[in-house]
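The values are calculated or read from the model by the stated rules, or taken from the named source; none is laboratory data. Everything numeric in this text was worked out from a predicted model, so none of it was measured. We place every Cβ from the backbone using ideal geometry, glycine too, and count neighbours over all the protein chains shown. Remember, those area values only see protein heavy atoms, side chains included, never the ligands or the DNA or RNA. Shrake-Rupley method; radii C 1.70, N 1.55, O 1.52, S 1.80 Å.
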Amino acid sequence: MNRHLYSILLYLLSPLLLAYLSLRAFKSPDYRGRWGERFGFSKLKPTQVLIHSVSMGETLAAIPLVKALMKAHPEWRFTITTTSPTGSAQVIKAFGDTVQHCYLPFDLPFSVRRFLRQLSPELCIIMETELWPNLLHQAHNLGCKLVLANARLSQKSANNYARFPELNRPMLQSLTAIAVQTQVEAERFIALGVDASRVQVCGSLKFDIQIDELKRQQATALRQQWRRTYVPVWVAGSVHPGEFAAVLAAHQQLLARFPRALLIMAPRHPEQFELAASSISQAGLQLVRRSAEVGISGDTQVLLGDTMGELLMLYGCADHAFVGGTLIENGGHNPLEPAAMGLSVCVGPHHWDFVQITALLADAGGLTVVTSADKLAERLLSLFEQPEMAQKASAAALSVVTNNRGALAKQLAVIEAIYLIK
């Protein structure tokens, strides 16, 4: 398959894009507006820099990078795009009206063409691996320099790219620079046809996570308010349907040993909040919803984190964390967020999107891979029954974050070097 055949296929499938938006809108109110942006019908002003981050995780990683660029170059104008409402909310929260923001259009040639002609960007920064053939082709033809920042590439993704070399090799070769997280991933990009001189290992921006001291203070105050300072509290963050039952089963085993233990369960997506609430009730556990702003009572067993943008603070309320998307075949979510808050971490076996980060944390003693509800409960019981061991695991997780900082400065250097070369 080449790009022309890919584009024809997209046009043929475009009615399914509307069906997809309708289905998402049915499940989540956040998808019920701004459809025009998905097809390039935004009214946009020209900007020098276009930055694309898919969803909330990529956006959170991009925020320090964008702020550093804005500080270094106040004369530059920025447009930030996302594909999800959660990512959009993070952009608006972080930048307000200091940047231009919209959803990235679907990769239909006419949509991308209209979008790019309005913006006329000189530099396009794409976060991680959100690569679209028509977007990169048309941006390259307009003379836009293309940077893949905080790039990651699992072996599974590399194999998928290799299946369609006529489509993906030109796309990858159009990139001006790739700021990749690890040497292993750099070698995967080079094996796919990217010139080695364009690939630089910079580490992960996720290690440069900055914890607002106010979040720490808010978390401490909240736990004191709950009167759970000296009883077990743990977070299951970014969990998905398919993991709810295992998380709740592990908590029930913890409750048998520690009757006042509290689980903070935070689903990954807003449309999963109701299912999570019903799953908790069906498990026979006493539930309080964070969104209800009702105080936790002595018999509360689960706090449902059904708000957006609070997960990092909720990690700070706990002693240990399980990071979701890993007991199902999803690829996982960022374990550095709880680690940066000083928590030891558990993940399931399906963590391929964060395999190097997981290995670093595990090798240091700050992370444990569990394969089932029973293994998760076993690990939690060990940590809560042996405070000294728990303290060492938490300190190990935090040390990994501290010792691997510096990716932000390296990626800034890559971006400025290629942008300033005319």
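Within the stretch 348-365, can you find the residues that are of a type in the set (A, V, I, L, M, F, W, C) and in contact with a strand residue (DSSP E or B) (Cβ under 7 Å, 6 or more places away or on another chain)? Within the stretch 348-365, Leu361, Ala362 meet the criteria. Suppose the filter is over 16 Å from the mean Cα position of the chain (by Cα), surrounded by 19 or more Cβ atoms within 10 Å (Cβ to Cβ) and more than 23 Å from Val54 (Cβ to Cβ); does Ala395 pass it? Spelling it out, it is not the case that Ala395 is over 16 Å from the mean Cα position of the chain (by Cα), surrounded by 19 or more Cβ atoms within 10 Å (Cβ to Cβ) and more than 23 Å from Val54 (Cβ to Cβ). Give the number of residues within the stretch 53-81 that are within 19 Å of Asp30 (Cβ to Cβ) and at pLDDT 95 or above. The number of residues fulfilling the criteria is 2. From the list Val239, Val247, Val235, the one residue that fits, being in contact with a Phe, Trp or Tyr (Cβ under 6 Å, 6 or more places away or on another chain), under 24 Å from Arg379 (Cβ atoms) and in contact (Cβ under 8 Å) with a residue 60 or more places away in the chain, is Val235.
Scanning the stretch 251-270 for residues that are touching a helix residue (DSSP H, G or I) at 6+ places or on another chain (Cβ under 7 Å) and open to solvent by 50 Å² or more (accessible area, probe 1.4 Å) yields Gln253, Arg257. Out of Leu136, Leu123, one residue alone is out of contact with any Phe, Trp or Tyr (no Cβ under 7 Å at 6 or more places or on another chain) and open to solvent by less than 10 Å² (accessible area, probe 1.4 Å). It is Leu136. Screening the stretch 398-422 for residues that are open to solvent by 30 Å² or more (accessible area, probe 1.4 Å) and touching a helix residue (DSSP H, G or I) at 6+ places or on another chain (Cβ under 7 Å) and picking the one that is nearest to Arg257 (Cα to Cα) gives Leu398.
Name the single residue that is farthest from Pro74 (Cα to Cα) among those in the stretch 37-56 being open to solvent by 20 Å² or more (accessible area, probe 1.4 Å) and out of contact with any Gly (no Cβ under 8 Å at 6 or more places or on another chain). Applying the filter and picking the extreme gives Phe39. Of all residues in the stretch 148-165, one or more are over 21 Å from Arg405 (Cα atoms), touching a Lys or Arg at 6+ places or on another chain (Cβ under 6 Å) and not in a strand (DSSP E or B).
Among the residues of the stretch 366-381, those identified as closer than 11 Å to Ala249 by Cβ and surrounded by 19 or more Cβ atoms within 10 Å (Cβ to Cβ) are Ala373, Leu376, Ala377. Could you tell me whether the stretch 150-166 includes any residue that is of a type outside the set (A, V, I, L, M, F, W, C), closer than 24 Å to Asp353 by Cβ, touching a strand residue (DSSP E or B) at 6+ places or on another chain (Cβ under 8 Å) and open to solvent by less than 60 Å² (accessible area, probe 1.4 Å)? Yes, that holds for at least one residue.
Filtering the stretch 271-308 to residues that are at pLDDT below 95, assigned to a loop (DSSP other than H, G, I, E, B) and open to solvent by 30 Å² or more (accessible area, probe 1.4 Å) leaves Glu293, Val294, Gly295, Ser297, Gly298, Asp299, Thr307, Met308.
Would you confirm whether any residue within the stretch 172-193 is more than 30 Å from His140 (Cβ to Cβ), surrounded by 18 or more Cβ atoms within 10 Å (Cβ to Cβ), of a type in the set (Ser, Thr, Tyr) and modelled with pLDDT of 95 or more? Checking the stretch 172-193: not a single residue is more than 30 Å from His140 (Cβ to Cβ), surrounded by 18 or more Cβ atoms within 10 Å (Cβ to Cβ), of a type in the set (Ser, Thr, Tyr) and modelled with pLDDT of 95 or more. Tallying residues that are open to solvent by 10 Å² or more (accessible area, probe 1.4 Å), in contact (Cβ under 8 Å) with a residue 60 or more places away in the chain and either part of a loop (DSSP other than H, G, I, E, B) or among the polar types (S, T, N, Q) (or both) within the stretch 319-346 yields 7.
Among the residues of the stretch 83-91, is there at least one that is surrounded by fewer than 16 Cβ atoms within 10 Å (Cβ to Cβ), under 23 Å from Leu311 (Cβ atoms) and either without any contact (Cβ under 8 Å) to a residue 24 or more places away in the chain or in contact with a Ser or Thr (Cβ under 8 Å, 6 or more places away or on another chain) (or both)? Within the stretch 83-91 (the criterion being surrounded by fewer than 16 Cβ atoms within 10 Å (Cβ to Cβ), under 23 Å from Leu311 (Cβ atoms) and either without any contact (Cβ under 8 Å) to a residue 24 or more places away in the chain or in contact with a Ser or Thr (Cβ under 8 Å, 6 or more places away or on another chain) (or both)), the answer is no, since none of the residues qualifies. Are any of the residues in the stretch 1-19 over 19 Å from Gln90 (Cβ atoms), among the small types (Gly, Ala, Ser) and under 25 Å from the mean Cα position of the chain (by Cα)? Checked against the condition, which is being over 19 Å from Gln90 (Cβ atoms), among the small types (Gly, Ala, Ser) and under 25 Å from the mean Cα position of the chain (by Cα), the stretch 1-19 yields no hits at all. Selection over the stretch 208-237 of residues that are under 25 Å from the mean Cα position of the chain (by Cα) and open to solvent by less than 10 Å² (accessible area, probe 1.4 Å) gives a count of 6.
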